[in-house]
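Here the structure is laid out as structure tokens; the discussion comes afterwards.
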Amino acid sequence: MQLVDSHCHLPLIDGGDEGLTGIVERAGDADVTHMLCVSVDLETFPDVAALAVACKNISASVGVHPNTGTDVKEPSADDLVNFAGVESVVAIGETGLDYYRSDGDLSWQRERFRVHIRAARAVGKPLIVHCREAAVDVINILREEQAEDVGGVMHCFVEDIDTAHKAIDLGFYISLSGIVTFKNADKLQGVARQLPLEHLLVETDSPWLAPMPHRGKQNEPAFVRKTAEFVAALREESLEDFATCTTRNFFELFKHAV
Ligand SMILES: [Zn+2]
Ligand SMILES: [Zn+2]
């Protein structure tokens, strides 16, 4: 059996004495054979890219997170296109809109999101989209910027089924994180039951959002198995089928990952 952690932040995980080797080993013990390490700013992108070059089980992305403030270097489409040419970069992101953790006039977030979509279309690589309390604007901007040319993933999905279908219509996949395992997540669990398996991915978003029974502790890629087990049971599917499909989905979407 093979599982993929479609979204993690490895440089932010405290790996203890064994560091990255331990994280990758524990992932392997849980049948998590591949992980996509996601960038949040250009300053730390070289660390992300280096991990992916050092370890064949790791792919990388390049992007500036919507909650990374305007005090850092604002990426131009050219910056992103250049970095996207680095070996092992399989996607653009994470990008998107977050109206929960940022406030005030957020036109800079929307402009940054558009720049990422243009870069993704220029290099022909898919998008990793973060969306929090901004579903209407996210879908509108994806449409306006013709994101369907490259597709991507709505990561750490917590929106309703209607939003999921709008994203799927644009060629996007829906990725579930440990949030779906939480006791108060009945609404999201209802959505998880209805999502088409051929558009589903799983992720940790580690070091945050550890699934049950690890909630509140540091998360790491091995724990994506807990989320996969939970969602498979919820959908009354076997873990093996769920793993096979979500892993196939991952490599279909991120064609440059090997
Ligand atoms: Zn995110
Ligand atoms: Zn993330």
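Things to note:
- At the listed q of 0.23, 0.27 Å⁻¹, the Debye profile of the stretch 5-69, built from one uniform point per Cα, gives log10 I(q)/I(0) equal to -0.97, -1.23.
- THR227 sits among other residues whose Cβ lies under 11 Å from its own Cβ, and their net charge, with Lys and Arg +1 and Asp and Glu -1, is -2.
- Positive-end residue of VAL86, LEU20, HIS65, charge dipole of the stretch 11-90 with Cβ unit charges: VAL86
- Within the accessible area of the chain (1.4 Å probe), percent carbon and sulfur: 49
- CD proxy at 222 nm, helix term only [per DSSP H run n ≥ 4: -39500 (n - 2.57); per residue of the chain; nearest 500]: -12000 deg cm²/dmol
- The stretch 183-258 - percent relative contact order, Cα under 8 Å, separation 6 or more: 30
- Relative contact order (%) - the chain, alpha-carbon pairs under 8 angstrom, separation at least six: 21
- The phi torsions of the stretch 232-246, fed into the Karplus equation with coefficients 6.51, -1.76 and 1.60 and a -60° offset, translate into couplings of 4, 5, 4, 8, 6, 10, 6, 4, 4, 5, 4, 5, 4, 5, 5 Hz, rounded to whole numbers, with Gly and Pro shown as x.
- Relative to one another, the C-alpha centroids of the stretch 49-123 and the stretch 19-44 are positioned 19 Å apart.
- For the chain, the direction-averaged projected area of the alpha-carbon convex hull comes to 12.4 nm².
- Principal axis dimensions, largest first and in whole angstrom, of the stretch 65-143 by Cα: 36, 28, 17
- Across q = 0.28, 0.32 Å⁻¹, the stretch 206-246 modelled as identical point scatterers on its alpha-carbon atoms has Debye log10 I(q)/I(0) values of -0.88, -0.99, in the order of the q list.
- Cα-based Rg and Dmax for the stretch 148-258, where Dmax is the largest Cα-Cα distance (Å): 13.2, 39
- Accessible area per residue in Å² at 1.4 Å probe, computed on the stretch 210-250: 45
- Two-site FRET efficiency, ASP169 against SER76, from Cβ-Cβ distance with R₀ of 35 Å, rounded to 0.05: 0.75
- When the pairs LYS183/LYS226; LYS217/LYS255; LYS166/LYS187 are compared against a 22 Å limit on Cα-Cα distance, LYS217/LYS255 fall above it.
- Shape class of the stretch 103-172 from the Cα gyration tensor (axes a ≥ b ≥ c, square roots of the eigenvalues): oblate, since a/c reaches 1.5 or more and a/b does not exceed b/c.
- One equal scatterer on each Cα of the stretch 37-86, no solvent, Debye formula: the resulting log10 I(q)/I(0) at q = 0.22, 0.32 Å⁻¹ is -0.76, -1.27.
- Net +/- balance of residues flanking ASP149 in space, Cβ distance below 12 Å, scoring K and R +1, D and E -1: +2
- A simple spin-label model places the labels of PHE251 and GLN2 0.3 nm from each other, with each point 7 Å out along Cα-to-Cβ.
- With viscosity 1.306 mPa s and temperature 10 °C, the Kirkwood radius over alpha carbon pairs of the stretch 1-43 converts through Stokes-Einstein to a diffusion coefficient of 143 µm²/s.
- Per residue value of the accessible surface for the stretch 1-160 (all protein chains in place, 1.4 Å probe), Å²: 40
- Förster radius 51 Å - calculated FRET efficiency between ASP14 and GLN146 (Cβ-Cβ, nearest 0.05): 0.80
- Sorted into 10 angstrom bins from 0, the C-alpha pair distances of the stretch 1-117 split as 14, 42, 29, 14, 1 percent.
The values are calculated or read from the model by the stated rules, or taken from the named source; none is laboratory data. Fair warning: this is a prediction, and the values are worked out from it, not measured in the lab. Neighbour counts run over all protein chains shown; Cβ positions are idealised from the backbone, glycine included. To get the accessible areas, we keep the full protein, side chains included, count just its heavy atoms, and leave off ligands, DNA and RNA. Shrake-Rupley method; radii C 1.70, N 1.55, O 1.52, S 1.80 Å.
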